[in-house]
């Protein structure tokens, strides 16, 4: 593969209107992935990029995509799309669309975004006018295709962003179905933060002789992120968080929690204590999530409490601190979380709160990243660490119960499989063994002995009737 050493966007031979937009956005020097991807994409190659969040991927595929579409003279017809970008979450799709509109501001290309949680009728109206670049989440796109609101047979450019997360969310079959509707020939670009086996298989199905780009290995965080960890109990996490936030009042901070309920509870607690905070998670409507992000960007709120739904969807250059209030269950998600800071070459801080029960999660994160995270306060003794890791192993190996899953479909399937693996129970009822008759030596009653029990009411009535009959016969 050719080596490209390009230090300015002018070196890419982009159209003047695109260079003007880039200059207005303040981009002066391309990032490593932009430096490698843009020339290959302009030449028409399929591209498979391995890069973490915050490395400038949107411009890496967005600028050459805009350049290609500007060369098409006629406008797209009603319900027609020329290029398709698929993203796993609403936040990421909206972020991509916002960036693309800035790139094509002077080029008069039409960018539409379709995601769940928004009015499908409004989206149908916009698609009815024709679309140059369509940014979508797979689920909502399929809904619109089934309603014949958009036709994909004229799509000649396909981008799969955060492909590994789309696979994690179970979109593999939907992606294949969408790919079968697209036009040929087409240029495809796939970007992923990790490279599991499924991604390699997906690339073989979607890409044609792709050029591979890798600018940061899986698990590597931005070099300008200062990481630290506090060993602390669950009950005192909120107090420590308030201390950290109070010490950095003017900074923009992002706080990650593990659950939706925990995020909302923490946000309300911070608001009650006088902090300007908002929250986004799966229980919020799309309008509420958009409003919270808009207020966060504008500076109306300084603190945003979120679940991992936002880990790959927030691109706000001013985020200075990321707090991992709860450590993530999946180590890779930690990398995506802290990638919300130190974006576009800036510096930032990532602070983790680790309870005794989370020590195993912390060690998994350190193993993935190949670093020892600096301890800011507290300590974990070797004995306590072994004890907690041992607990995790015992919990992992024990037989699961229904109460452990709380509605998780995958877990329920695992439980069903575990039940099928157990030996089948006998359908016949167990017959109790009769005890052997007692011996005479064991205090057995003699054969002629009668039970000293009172007669039942039925027996008494029958006896009374017999006596009455006998007396009647004597009188006769």
- Go through segment 57-88 residue by residue and tally those that are in a loop (DSSP other than H, G, I, E, B), surrounded by fewer than 22 Cβ atoms within 10 Å (Cβ to Cβ) and out of contact with any strand residue (DSSP E or B) (no Cβ under 6 Å at 6 or more places or on another chain). 7
- Item | Failed item in (1) within 28 Å of residue 294 (Cα to Cα); (2) crowded, with 17+ Cβ neighbours inside 10 Å; (3) more than 24 Å from the chain's Cα centre (by Cα), with residue 91 passing the rest | (3)
- Query: Within segment 25-34, can you find the residues that are farther than 15 Å from residue 62 by Cβ and part of a helix (DSSP H, G or I)?
  - Reply: 32
- Item | Options 289, 258, 273; residue that is closer than 26 Å to residue 330 by Cα, surrounded by fewer than 21 Cβ atoms within 10 Å (Cβ to Cβ) and in contact with a helix residue (DSSP H, G or I) (Cβ under 9 Å, 6 or more places away or on another chain) | 258
- Note on the structure: Subset of segment 102-129, residues farther than 21 Å from residue 27 by Cα and assigned to a loop (DSSP other than H, G, I, E, B), comes to 110, 115, 116, 117, 118, 119, 128, 129
- Item | One residue from 264, 243 being in a helix (DSSP H, G or I), touching a strand residue (DSSP E or B) at 6+ places or on another chain (Cβ under 6 Å) and in the same structural domain as residue 352 (by TED's automatic domain parsing) | 264
- Taking residue 326 as the residue in question, decide whether it is within 27 Å of residue 235 (Cα to Cα) and part of a loop (DSSP other than H, G, I, E, B). yes
- Task: Specify the residue that is modelled with the lowest pLDDT; the eligible residues are those in segment 1-49 that are surrounded by fewer than 13 Cβ atoms within 10 Å (Cβ to Cβ) and within 23 Å of residue 199 (Cβ to Cβ).
- Result: 1
- Query: Among the candidates 280, 316, which residue alone is within 19 Å of residue 87 (Cβ to Cβ), in contact (Cβ under 8 Å) with a residue 60 or more places away in the chain and over 15 Å from the mean Cα position of the chain (by Cα)?
  - Reply: 316
- Query: What do you reckon, is residue 93 without any contact (Cβ under 8 Å) to a residue 40 or more places away in the chain and either touching a strand residue (DSSP E or B) at 6+ places or on another chain (Cβ under 9 Å) or not assigned by TED's automatic domain parsing to the domain that holds residue 164 (or both)?
  - Reply: no
- Return only the number of the condition from (1) on the phi < 0 side of the Ramachandran plot; (2) crowded, with 21+ Cβ neighbours inside 10 Å; (3) touching a strand residue (DSSP E or B) at 6+ places or on another chain (Cβ under 6 Å) that residue 342 does not satisfy. (1)
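The values are calculated or read from the model by the stated rules, or taken from the named source; none is laboratory data. Here the structure is a predicted model, which is why all the values come from computation and not from measurement. We place every Cβ from the backbone using ideal geometry, glycine too, and count neighbours over all the protein chains shown.
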